[in-house]
Amino acid sequence: MAKIIGKMVKTVIIYIDIDDDLSLAGIKSPVIGEANVKEAIDKASEIMADDSDFNSMIVAYNIYKKMKREGQDVEIVFLAGSQKGGLDAQRRISAQLDEIIKELNPQEGIIVYDSPEDAKALPIIQSRLKISGVQRVIVEQHRGVEETYILLGKYFRKILNCLLYTSPS
């Protein structure tokens, strides 16, 4: 258990969705607390179950549950940026983080995310909160994606063969 001179450290598990896919599932961020996160996961399971964002939400929730079982002072939140991306998304994450810090007063955070774009939120969070852990979630590709690449490769070879073996007229 994390302690500072005999005092329990409050840790917040932060799932980051910088491109705000959560809103596509009808989820308004920030999502704060276990009950609200469970409701968000339930909504997301109907709309984005195949999405890597959904897997990241589950990973964050499982980290939270494990730490809670271990008796740690822990809370979970989901933060979302903006579908516009860029500075708009980063500033929205920043504002939500300020809200979370004011409400929960955590001493440290564990960050869960799934894409390089989400990682742009790390310096923003680190500027306000000690980060004690980072978990990037990488989801295996679906077979359909792999089959698409194979199919594209076959067509590419056909095009090359046609270009190489047809004489100009």
The pairs in Lys10/Lys84; Lys66/Lys120; Lys10/Lys38 lying past 22 Å Cα-Cα in this model are Lys10/Lys84; Lys66/Lys120
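What is the packing order of peptides 11-21, 85-95, taking the mean over residues of other C-beta atoms within 10 Å and listing the highest first?
Most protected by this proxy first, the peptides run 11-21, 85-95.
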Say the dipole of the stretch 1-109 comes from +1 at the beta carbon of Lys and Arg and -1 at that of Asp and Glu; which of Gly109, Ser82, Asn55 then lies farthest toward its positive end? Gly109
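Every read-out reported here was derived from the displayed coordinates using simple, explicitly stated rules and does not represent laboratory data. For clarity, every value in this text was computed on a predicted model and none was experimentally measured. Note that we place each Cβ from the backbone using ideal geometry, even for glycine, and neighbour counts take in every protein chain shown.
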